Amino acid sequence: MGIWRDIKGTLLPFWITLGYLFTKPATIQYPEEKRTPPPRYRARIVLTRDPDGNERCVACHLCSAACPVDCISMQAAETEDGRRYAAWFRINFARCIFCGLCAEACPTLAIQMTPDYEICNRDPLSLVQEKEDLLIDGCGKDEEYNFYRHSGIGVVNPRGGNEDENAPVNPKALVP
Amino acid sequence: MSDLLLNLALILVKLGLIFAVILSMAAYLVLAERKILGRMQLRHGPNRLGPFGLIQPVADVIKLITKEDFVPDQSDKWLFLFAPGLTALTALLSFVVVPFSPPLAIFGRELPMVVCDLNIGLLYFLGISSLGVYGVVIGGWASNSKYSLLGAIRSLGQLLSYELSMGLALIPVVLTAKSFSLTDIVMSQADWPNLVRHPLAFLIFLVSIAAESKRTPFDMPEAENEIVGGFHTEYSGMRFGLFFVGEYINLVILGSMLTVLFLGGWHGPLLPPIVWFSLKVLFVAFCFIWARGTMPRLRYDQLMHLGWKVLIPLALLNLLVTAAVLLALKG
Ligand code: SF4
Ligand code: SF4
């Protein structure tokens, strides 16, 4: 019967909303209650160190090239043993969209995303962070990886001396 | 002479009291509505200011007062400025005839607990409540914006379709009470509330006042998502606030009317009359908020259909049957 269906369709919703009235709200009341983001959450970016405590970043500019909003800038420099590093390294978090492309592009695992999402600020200029602010004392997500122990030009071991490397080949020796 | 002065003073005191109570009730109804709607949608609603957000109405008023009072360039200026006041005023005026407690005897005098016990209180209420739509229509017209005009037209059409059935639904009540005075109507419900005696009239009146209050499911004149707030699209600051407060005062008034006419007014066991009255009014207000949290908005033509083709014939039939039964009982 149409009319009974209509009456039911009118009254049943009242019952349901009354039930919701006594259900616990789904809201997370932010400053008091905080959600724990998953470990791979993409928020504040850090620069990590390798297991020996040296800076991982080799100032290759791959991250700044990958960044869609161009918020990473740096100046490359070189130490005496030929190891490259960033003389200064700057991320403008006011522009960063936390896409994570920089962390994917990085060959040395230096730049990494962390779940620390509470970086809102009333002063955008204070969101421009320098290398001192970005550099942390740990390895981040990978405790073992050290770029120079796998490749690179003879900084830790002599050229070709890493365990997964072959000794350099003398091209002239191949000439028939 | 001194009798007249005393009466005048009493009326003024009652007016002041009612004014204060109604306004604070309207303010807290806004808060209650936001909280209840929030809980129905699994949110908290306002809870930042004071315990449970109890200071929120004060903050709202401060916000509304300090906002710019914007008058559109092309509007009909004086009508535009005047319309919100009309809405709030007519809403407040209706409360004059609502009896909220039986007459008190103080100092050997009979003190009626109603500002003015008109012998045609019911007609007064009907008249004032149809005046209330003028605020909306004038506001919508004077804004000179298409959305406002649409809202105004809708509220006029709405008025025409529900006022008739509302009046017709009230006649059975008058027939049993044999009086247009609201106090007499409440007195006549001492043993049975009219809800039991006239259930059909109650339902028709309930739907009609839901339409009168311009709230979901009958909020076509505002309809935020079709006509951007309807008649109050162009209003800002405290003028918008007046429309808003008017709506909630109206809610209190209609709740009290429903209480007085159908729910037995102040009659109830154990508790003092005034408490019963307030409880019933608050319950009706809660039901309106509940309906807002539950029902979708009707379409404009659906309201017309409901008013003209369902409610009015039903109300007429109900009137006929009630009158016949009353006549038979008497004869
Ligand atoms: S997360 Fe995206 S936007 Fe932010 S610095 Fe990295 S590449 Fe740029
Ligand atoms: S952070 Fe990584 S990608 Fe960016 S410059 Fe340093 S090594 Fe290259």
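Tabulated data
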item: DSSP loop GluC sites (Glu not before Pro) with at most 13 other Cβ within 10 Å: longest gap in chain A; result: A:34-79
item: Dipole magnitude of the protein assembly as shown, debye to nearest 20 (Cβ charges: Lys/Arg +1, Asp/Glu -1, about Cα centre); result: 1580 debye
item: Prolate/oblate/rounded label for the stretch B:256-326 (Cα gyration tensor, a/c 1.5); result: oblate
item: Spin-label pair B:SER130/B:ALA328, simplified geometry with 7 Å Cα→Cβ offset, distance in nm; result: 3.3 nm
item: Isotropically averaged projected area of chain B, using the convex hull of Cα atoms (one quarter of hull area), nm²; result: 19.8 nm²
item: 25 Å Cα-Cα threshold exceeded, pairs from B:LYS146/B:LYS214; A:LYS24/B:LYS214; A:LYS34/A:LYS141; result: A:LYS24/B:LYS214
item: Sites matching chymotrypsin sites (Phe, Trp or Tyr not before Pro) across the stretch A:62-133 that sit in DSSP coil, with at most 16 neighbouring C-beta atoms within 10 Å; result: A:PHE98, A:TYR117
item: Lys, Arg +1 and Asp, Glu -1 on Cβ, resulting dipole of chain B about Cα centre, debye, nearest 20; result: 660 debye
item: For the protein assembly as shown: rounded, prolate or oblate by the Cα gyration tensor [a/c cutoff 1.5]; result: prolate
item: Gained length - A:VAL169 relative to A:LEU11, 0.36 nm times residue gap less alpha-carbon distance; result: 48.4 nm
item: Contact surface A-B: accessible area buried, both sides summed, square angstrom, 1.4 angstrom probe; result: 1400 Å²
item: Top positive-direction residue, dipole computed over chain A with Cβ charges, set A:PHE98, A:THR23, A:HIS150; result: A:THR23
item: With Cα atoms, 0 to 90° folded angle of helix A:2-21 axis to chain A main axis; result: 60 degrees
item: Cα-projected label distance for B:LEU316 with B:ARG43, points at 7 Å along beta-carbon direction, nm; result: 4.5 nm
item: Among A:66-73, A:106-113, the order from most to least packed when residues are scored by Cβ within 10 Å on average; result: A:106-113, A:66-73
item: Among A:ARG42, A:ARG83, A:ARG122: highest mean-square fluctuation, GNM of chain A, C-alpha pairs under 10 Å; result: A:ARG122
item: Accessible area of the stretch B:1-91 belonging to carbon and sulfur atoms, whole % at 1.4 Å probe; result: 74 percent
item: Top positive-direction residue, dipole computed over the stretch B:70-330 with Cβ charges, set B:ILE138, B:PHE80, B:ILE171; result: B:ILE171
item: Value at 222 nm in deg cm²/dmol, rounded to 500, when DSSP H runs of n ≥ 4 in the protein assembly as shown each add -39,500 (n - 2.57); result: -16500 deg cm²/dmol
item: C-alpha center-to-center spacing [the stretch B:243-310, the stretch B:42-92] in angstrom; result: 22 Å
item: Tensor-based shape of the stretch B:99-238 (alpha-carbon gyration tensor, a/c under 1.5 rounded, otherwise prolate or oblate); result: prolate
item: FRET efficiency, 1/(1 + (r/R0)^6) with R0 45 Å, evaluated for B:PHE70 and B:LEU200 via beta carbons; result: 0.45
item: Chain B - accessible surface per residue (Å², probe 1.4 Å); result: 48 Å²
item: Kyte-Doolittle at least 1.0, axis length at least 18 Å by Cα - qualifying DSSP helices, chain B; result: B:2-40, B:77-94, B:121-143, B:146-177, B:199-212, B:237-261, B:273-294, B:312-330
item: Long-range amide H partners of B:GLY229 with built H, under 5 Å; result: B:GLU224
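The values are calculated or read from the model by the stated rules, or taken from the named source; none is laboratory data. None of the values given here were measured: they were computed from a predicted structure. Note that we place each Cβ from the backbone using ideal geometry, even for glycine, and neighbour counts take in every protein chain shown. The protein model used for the area step is the full one, side chains on, heavy atoms only, and it has no ligands, DNA or RNA in it. Shrake-Rupley method; radii C 1.70, N 1.55, O 1.52, S 1.80 Å.
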